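J.: Have a look at this one.
The values are calculated or read from the model by the stated rules, or taken from the named source; none is laboratory data. Remember, it's a predicted structure, so these values are computed and weren't measured experimentally. Cβ sites come from the backbone with ideal geometry, for glycine too, and all protein chains shown count toward neighbours. Ligands, DNA and RNA are excluded from the accessible area calculation, which covers all protein heavy atoms including side chains. Shrake-Rupley method; radii C 1.70, N 1.55, O 1.52, S 1.80 Å.
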Amino acid sequence: MRAIWKGAIAFGLVNVPVKVYSATEDHDVSLHQVHEKDGGRIRYQRRCEICGEVVEYKNIAKAYDDGEQTVVLTDEDLASLPVEKSREIEVVEFVPSDQVDPILFDRTYYLEPDSKSTKSYVLLRRTLEDTDRTAIVQFSLRQKSRLGALRVRGDVLTLQTLLWEDEVREAAFPSLEEKVRISAKELEMSSALVDSFSSDFDPSGFTDEYQEQLRTLIEAKLEKGEALDTQETFGEESEDEGGKVLDLMEALRRSVEKNRGAKSASGKARNARKPAAKDQEEQKDKEEPARKPAAKSSGRKSRKGA
């Protein structure tokens, strides 16, 4: 990984030098646009609407237009802002971790100690762990003033940028104001359905099916070209009851039974594998005594020969 920024966490009078790294990356298949007719690559040009020239990216500046006047802001102008010059990640407050609404989370970064001594880094990490608190910080990155949450992930401090409060839309849906009666039986069946799906979250158990199928499609087209039969490649979709309108209680009941049946079949499959392993152990035990007498017999013969 390559550091995208260097700075220091200002923790009171304690200074924690850090390097900042992107913690996530995109795994999507990279696609580009082409002319469907002949496969020619579609490219975009940055063309000035006044002189008609194609402008290189290094010669492009930002501007603000108030409807009457336009103000051009160069990179030098933006870099001159005091907050942009700051290299501090300032800890503003420590809050209970459950008070930070996940909807505010944006991008995540890893923080690496950028000092010969990691003591101040470890101290801050241990403090966050022991107090079960999240540090709310403010800093500037890529020409933006940011709000962030400093948290612990394993042995690493992570910095998660937060959306500003006015960037989160209000969910004002009139349909949610309608009064709905939920019966005790419906709630019981719904809880049973939740229980049948209960598990410990393991992100490695999930795959991006769209990207997998997209790669399969690309490989098949590379091999067969326009003669590709997608139905042959992916098979026919199995029909289910997704399109049928079911009574809520009936839908809950069938869901619980279906999920319990799937878990039962999975359990039987695991148990079926155990006897096979047990048989191998028993077979191994039977073979062991057969080899031992042979060794003793061989020993007596060697002594007689001596």
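J.: Within segment 34-141, considering only helices (runs of 4 or more DSSP H) that don't extend past its boundaries, which have at least 2 residues that are over 20 Å from V156 (Cα atoms)?
T.: Where helices (runs of 4 or more DSSP H) fall fully within segment 34-141 and carry at least 2 residues being over 20 Å from V156 (Cα atoms), they are 75-79, 82-85.
J.: Given the condition under 40 Å from the mean Cα position of the chain (by Cα) and surrounded by 11 or more Cβ atoms within 10 Å (Cβ to Cβ), answer yes or no: does some residue in segment 66-73 qualify?
T.: Scanning segment 66-73, I find at least one residue that is under 40 Å from the mean Cα position of the chain (by Cα) and surrounded by 11 or more Cβ atoms within 10 Å (Cβ to Cβ), so the answer is yes.
J.: Could you give every pair whose Cβ atoms fall below 7 Å, whose first residue belongs to segment 150-176 and is closer than 13 Å to Y121 by Cα, and whose second residue is open to solvent by 50 Å² or more (accessible area, probe 1.4 Å) and of a type in the set (D, E, K, R), counting only separations of at least 6 or pairs across chains?
T.: Short answer, once both residue conditions are applied: V152/E129; T158/R151.
J.: Here's another thing I want to ask about it. Look through segment 91-103, keep the residues that are charged (D, E, K, R) and open to solvent by 90 Å² or more (accessible area, probe 1.4 Å), and return whichever of them is farthest from K19 (Cα to Cα).
T.: Of everything passing the filter in segment 91-103, D98 is farthest from K19 (Cα to Cα).
J.: Tell me whether segment 6-22 contains one or more residues that are more than 24 Å from S140 (Cα to Cα) and outside any loop (DSSP other than H, G, I, E, B).
T.: no
J.: Applying the selection to segment 151-161, what residues are open to solvent by less than 30 Å² (accessible area, probe 1.4 Å) and either touching a Ser or Thr at 6+ places or on another chain (Cβ under 7 Å) or farther than 19 Å from R87 by Cβ (or both)?
T.: T158, Q160
J.: If you take the residues in segment 113-137 that are surrounded by fewer than 17 Cβ atoms within 10 Å (Cβ to Cβ) and in contact with a strand residue (DSSP E or B) (Cβ under 6 Å, 6 or more places away or on another chain), which one is farthest from D75 (Cα to Cα)?
T.: E129
J.: Sticking with this one: Which one of K6, K62 is of a type in the set (K, R) and over 24 Å from D114 (Cβ atoms)?
T.: Result: K62 is the single residue among K6, K62 that is of a type in the set (K, R) and over 24 Å from D114 (Cβ atoms).
J.: Of the residues that make up segment 7-24, is at least one closer than 30 Å to E219 by Cβ, in contact with an Asp or Glu (Cβ under 8 Å, 6 or more places away or on another chain), touching a residue at least 12 places away in the same chain (Cβ under 8 Å) and exposed (fewer than 10 other Cβ atoms within 10 Å of the Cβ)?
T.: No, the conditions are met nowhere in segment 7-24.
J.: Considering each of E170, E188, E178, E165 in turn, give the residue that is surrounded by 10 or more Cβ atoms within 10 Å (Cβ to Cβ) and among the acidic types (D, E).
T.: None of the other options fit; the residue is E188.
J.: Please indicate, with yes or no, whether at least one residue in segment 77-89 is at pLDDT 95 or above, open to solvent by less than 80 Å² (accessible area, probe 1.4 Å), closer than 18 Å to G12 by Cβ and of a type in the set (A, V, I, L, M).
T.: There is no residue in segment 77-89 that is at pLDDT 95 or above, open to solvent by less than 80 Å² (accessible area, probe 1.4 Å), closer than 18 Å to G12 by Cβ and of a type in the set (A, V, I, L, M).
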